[in-house]
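The values are calculated or read from the model by the stated rules, or taken from the named source; none is laboratory data. Here the structure is a predicted model, which is why all the values come from computation and not from measurement. When we count neighbours, we look across all protein chains shown, and the Cβ atoms used for this are built from the backbone with ideal geometry, even at glycine. Just the protein is used for accessible areas: all its heavy atoms, side chains included, with ligands, DNA and RNA removed. Shrake-Rupley method; radii C 1.70, N 1.55, O 1.52, S 1.80 Å.
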Amino acid sequence: MNLNSGTPEEARAAAHWAAERGAAYLDGAIMVPPPLVGQPDAVFLYSGPRAVFDEHRDALATLGDPRYLGPDPGLAVLYNAALLDLMYATVNGLLHATALARSAEVPATEFVDLVRTWFMPTVIDAAFAEQAVNLGPGHYSGDVGTMEMNRTALDHITRTCLEQGVDAAAPRFMTELAERAIAAGHGEDNYLALFEVFRKAAPDA
């Protein structure tokens, strides 16, 4: 069992190496900081042969809550990378937004309290829970708001940052993403159509 971080291809290569030597192999990812290891709500992700996971589930459960993702040994580290991607994007967004509010002498605790108690659960969680089902079939109705409208909002955020003396790189980048979506034909779709941009590598990547 490998709980080191890495990439999906590295995990698949390790599984191949183990198979050549007659060893059963599970790849995994630890999704909690060290002090929480061993707690029942500490999530550990695993991928590889289901029979191997089932055979050792009781032992794995001593570390925390074992979640089986599938037979592809690369899935655990892929989930790990995706969740950390979300974590860094969320934390960076919160820090940048707080810096923007702080530029007008708004106390950080006051702003973060509004984010935590109202904005995240009421606006972000609720809206995404309702619309995430559309990501699979690609339904991005722009009845409530279009990508063009969101590009305008992002431009306003960028100019506000410049006026307030706050770093504008993040909103500039998000504006560029919206512009890529519009160039790809999603100008009249809603903001979730950006999913289609993220699914493909950038032209210069």
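Taking amide H atoms as placed 1.01 Å from N in the peptide plane, list the residues 5 or more away in sequence, or in a different chain, whose amide H sits under 5 Å from that of Asp65.
HN-HN under 5 Å from Asp65: Ala42, Val43, Phe44.
Near Pro66, within a Cβ-to-Cβ distance under 15 Å, what is the net charge of the other residues, with Lys and Arg +1 and Asp and Glu -1?
-3
Residues with beta-carbon under 11 Å from that of Asn4, excluding Asn4: net charge, scoring Lys, Arg +1 and Asp, Glu -1? Kindly include the intermediate steps, with their values, before the conclusion.
Details: positive: none; negative: Glu10, Asp27.
Net charge in that neighbourhood comes out at -2.
Between Ala24 and Ala153, with labels modelled 7 Å along Cα→Cβ, what's the label distance in nm to one decimal, could you check?
Going by the 7 Å Cα→Cβ label model, 5.0 nm.
Calculate the dipole size of the chain relative to its Cα centre from +1 charges on Lys and Arg beta carbons and -1 charges on Asp and Glu beta carbons; express the result in debye to the nearest 20. Please list the in-between numbers first.
Values: 13 positive and 27 negative charges, 62 e Å.
Charge dipole, the chain, about its Cα centre: 300 debye, nearest 20.
If you stretched the chain out fully between Val133 and Glu110, how much longer would it get, using 0.36 nm times the residue separation minus the C-alpha to C-alpha distance? If you can, show how the numbers build up before the last one.
On the way: separation 23, 0.36 × 23 = 8.28 nm, distance 3.33 nm.
Full extension from Val133 to Glu110 adds 4.9 nm.
Quick one: go through segment 127-158 and flag any residue whose amide nitrogen is under 20 Å from the point 7 Å out along the Cα-to-Cβ line of Ala82.
Hits in segment 127-158 for Ala82 at 20 Å: 127-140.
With the other protein chains left in place, how much accessible area per residue, in square angstrom, belongs to segment 98-176 at a 1.4 angstrom probe?
66
Roughly what % antiparallel, to the nearest 5, for the DSSP beta bridges in the chain? Display every interim value, and only then the final one.
On the way: 4 of 9 bridges.
Antiparallel bridges make up about 45 percent of those DSSP assigns within the chain.
When Lys and Arg each count +1 and Asp and Glu each count -1, what net charge do the other residues less than 14 Å away from His16, Cβ to Cβ, add up to? Display every interim value, and only then the final one.
Values: positive: Arg12, Arg21; negative: Glu9, Glu10, Glu20, Asp27, Asp72.
Computed value for this residue: -3.
In percent, what relative contact order does the chain have, based on Cα pairs under 8 Å that are 6 or more apart in sequence?
Working: 236 pairs, mean separation 30.3, N = 205.
Rounded, it is 15 percent for the chain.
With point charges of +1 on the Cβ of Lys and Arg and -1 on the Cβ of Asp and Glu, referenced to the Cα centre of the chain, which listed residue (Phe53, Leu192, Pro33) lies farthest in the positive direction of the dipole?
Going by the charge dipole, the pick is Phe53.
Residue farthest toward the positive end of the dipole of the chain, with Cβ of Lys/Arg at +1 and Asp/Glu at -1: which of Leu78, Met147, Val115?
Working it through, the farthest residue towards the positive pole turns out to be Leu78.
When the accessible area of segment 47-129 is computed with all protein chains present and a 1.4 Å probe, what percentage of it is carbon and sulfur?
Working: 3510 of 5300 Å².
Heavy-atom surface of segment 47-129 belonging to carbon and sulfur, 1.4 Å probe: 66 percent.
Kindly sort Ser47, Ser141, Ser5, Ser103 by accessible area of their heavy atoms, largest first, with the probe set to 1.4 Å. Write down the numbers at each step before the final one.
On the way: Ser47 0, Ser141 65, Ser5 100, Ser103 40 Å².
Most to least solvent-accessible, the answer reads Ser5, Ser141, Ser103, Ser47.
Rolling a 1.4 angstrom probe over the protein chains, ignoring ligands and nucleic acids, what is the accessible area of His156 in square angstrom, nearest 10?
90
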